[in-house]
Amino acid sequence: MKYIAITDHYYGDGTELYRKNEINRMVYLEKCAISTKYGVKVVGGAEFNISQNVNKWEKLKKLAWKLVGVHGWFLDRESTTLDALYDYFEEAANRYDVFAHIERELHRVDSCKHGGRLTEEIKLFLRRLVLLAKEKNIILELNESSLKDDKEGAYDRLLYWLAFAKEQGVLISVGSDSHYCEQIGIFRNAVDVLNEVYYPREKVINCNENLLQKLFG
Ligand SMILES: [Zn+2]
């Protein structure tokens, strides 16, 4: 490994980052691409939630790698339509670097009417999101843990957007979604899928060292 991005979930509104311990933690993460003695560069980041209310953004915006994803507990499942979800992403595009695992949890919105099915509306939503990413230079995340178990049709949705993203030439990043040290750097399922759809190597930032250098030093 040459780079590692640390992207713990962030649930706050930014207020606590003015306390001493939190400031120290953020100062470490802000310094992106710190070389460790083994030559691995550490990229500081965090994963946010779509529709999360962050009032104090000053310290958070310095993080080099900010992902935002759909996480059900931040959404009112009854009232959130696919259009409303798209609007959240459109607004988020000005703040974040990456849209994470965009196929996830879509079966839960729009009063669950899509279930796990890849309906025409879901396809349209995914295409719009890919085009938004392209327009705003947002990177799309291919998430290893989405592929480990096929939750509610997430795998079909993932293959669908990935094929469209390839067609559109959108950059993707592959994330391990590690919640334990032994999961770091393990991308077996993601690599299989990338080979299956022939995703161009230079469009996968994990495989493109020039781009990583440009982004993080
Ligand atoms: Zn996530």
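Brief remarks follow.
- Note on region 94-119: residues that are closer than 22 Å to Ser79 by Cβ and more than 16 Å from the ligand (Cβ to nearest atom) amount to 9.
- Complete set of residues in region 163-182 that are touching a residue at least 12 places away in the same chain (Cβ under 8 Å) and out of contact with any strand residue (DSSP E or B) (no Cβ under 7 Å at 6 or more places or on another chain): Ala163, Phe164, Lys166, Gln168, Gly169, Ser176
- Hey, Ser173 under 16 Å from the mean Cα position of the chain (by Cα) and either closer than 28 Å to Asp76 by Cα or of a type in the set (Val, Ile, Thr) (or both) or not: no
- Unique residue being at pLDDT 95 or above and charged (D, E, K, R) when the list is Lys166, Lys214, Lys148: Lys166
- Meets criteria (within 16 Å of the ligand (Cβ to nearest atom) and among the hydrophobic types (A, V, I, L, M, F, W, C)) for Leu124: no
- Looking only at region 55-75, and only at residues there that are touching a helix residue (DSSP H, G or I) at 6+ places or on another chain (Cβ under 9 Å) and of a type in the set (D, E, K, R), the one that is farthest from the ligand (Cβ to nearest atom): Glu58
- Residues of region 11-59 that are of a type in the set (S, T, N, Q), in a loop (DSSP other than H, G, I, E, B) and modelled with pLDDT under 85: Thr36 alone.
- Residue tally, condition of a type in the set (A, V, I, L, M, F, W, C), out of contact with any Gly (no Cβ under 6 Å at 6 or more places or on another chain), surrounded by 12 or more Cβ atoms within 10 Å (Cβ to Cβ) and more than 16 Å from Glu103 (Cβ to Cβ), over region 58-91: 2
- For region 72-83, a residue qualifies if it is touching a residue at least 12 places away in the same chain (Cβ under 8 Å) and closer than 9 Å to Ser51 by Cβ, and the qualifying residues are Phe74, Leu75, Thr80.
The values are calculated or read from the model by the stated rules, or taken from the named source; none is laboratory data. Owing to the predicted nature of the structure, the values given are computational and were not obtained by experimental measurement. FYI the Cβ positions are ideal-geometry reconstructions off the backbone, even for glycines, and counts take in every protein chain you see.
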